[in-house]
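Single-structure report; data block below.
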Amino acid sequence: MRGLDYYTHTAFEFTHGALGAQNAILGGGRYDGLSEALGGPPAPGIGFAIGEDRLVLSLEATASAESAVRKADVYVAPLGAGMNREAARVARELRRHDLVVDLGDESFRLKKSFEAADRMGARYILIVGENEVAAGAFALKHLASGEQVTVPRAELPQRILRK
């Protein structure tokens with residue numbers, strides 16, 4: 001945020017190395033006090049700006065936009081009331097192993113979860129239901145082959161990382 005000294009507390013800027021000296025793509029932050037400095041009433045504020053031309057240039061410099069997005073390794077499907085929280089815990093654990101994880105919602109029926117996982121191109125779907133949580137082992141299905149196995153919670157990351 002060069003020259004934007006009205007920002008207070010949190011400020012951020014995203015840059016790209018292939019853009020040279022003018023490398024800022026997106027920036028912004030919190031600017032309490034700006035309204036007063038301009039003669040207005042006290043009003044906290046936040047804001048950001050994006051350079052769309054720089055964003056496009058950075059995407060062109062990097063590669064095709066499609067190759068920059070990793071498909072989901074696993075879709076976590078909560079099954080039954082009250083399973084969203086546990087499914088989120090499992091998803092967090094898997095993300096710590098650099099896995100791309102998409103998280104469903106307990107209100108989805110199992111069929112809808114399978115459709116969502118397939119639509120987003122996930123390799124696996126992981127079922128998180130009351131029985132699985134109680135047993136500490138989860139149903140993991142490889143979507144391409146149809147193979148389904150029960151995997152202990154501690155072994156999930158290693159099993160999903162296998163190609």
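The values are calculated or read from the model by the stated rules, or taken from the named source; none is laboratory data. None of the values given here were measured: they were computed from a predicted structure. All Cβ positions, even for glycine, are placed from backbone atoms using ideal geometry, and neighbour counts span all protein chains on display.
Mind listing just one residue for me: the one in segment 112-151 that is in contact (Cβ under 8 Å) with a residue 40 or more places away in the chain and among the β-branched types (Val, Ile, Thr) and, of those, farthest from VAL100 (Cα to Cα)?
Result: VAL133.
Working only within segment 86-112, note down all residues that are part of a helix (DSSP H, G or I) and modelled with pLDDT of 90 or more. Show your work before the answer.
At the first step, the residues of segment 86-112 found to be part of a helix (DSSP H, G or I) are 86-95, 110-112.
Within segment 86-112, GLU86, ALA87, ALA88, ARG89, VAL90, ALA91, ARG92, GLU93, LEU94, ARG95, LYS111, LYS112 meet the criteria.
What number goes with the only condition from (1) modelled with pLDDT of 80 or more; (2) out of contact with any strand residue (DSSP E or B) (no Cβ under 9 Å at 6 or more places or on another chain); (3) surrounded by 14 or more Cβ atoms within 10 Å (Cβ to Cβ) that LEU59 does not pass?
(1)
Does ALA116 satisfy the condition of being under 30 Å from VAL56 (Cα atoms) and within 20 Å of the chain's Cα centre (by Cα)? Let's see the steps before the verdict.
Numbers: under 30 Å from VAL56 (Cα atoms): yes; within 20 Å of the chain's Cα centre (by Cα): yes.
For ALA116, the condition - under 30 Å from VAL56 (Cα atoms) and within 20 Å of the chain's Cα centre (by Cα) - is met.
Only residues in segment 45-56 that are free of Cβ contacts under 8 Å to residues at least 60 places away in the same chain and part of a strand (DSSP E or B) count as the first member; pair them with residues that are surrounded by 12 or more Cβ atoms within 10 Å (Cβ to Cβ) and not polar (S, T, N, Q), Cβ under 6 angstrom, at least 6 apart or cross-chain, and list the lot.
Cβ pairs passing all conditions: ILE46/ARG30; GLY47/GLY28; PHE48/GLY28; ILE50/LEU26.
Inside segment 118-149, can you point out the residues that are among the aliphatic types (A, V, I, L, M) and in a loop (DSSP other than H, G, I, E, B)? Please lay out each step first, then the result.
Let us first name the residues in segment 118-149 that are among the aliphatic types (A, V, I, L, M), namely 120, 122, 125-128, 133-135, 137, 139-140, 143-144, 149.
MET120, ALA122, LEU143, ALA144 - these are the residues of segment 118-149 that are among the aliphatic types (A, V, I, L, M) and in a loop (DSSP other than H, G, I, E, B).
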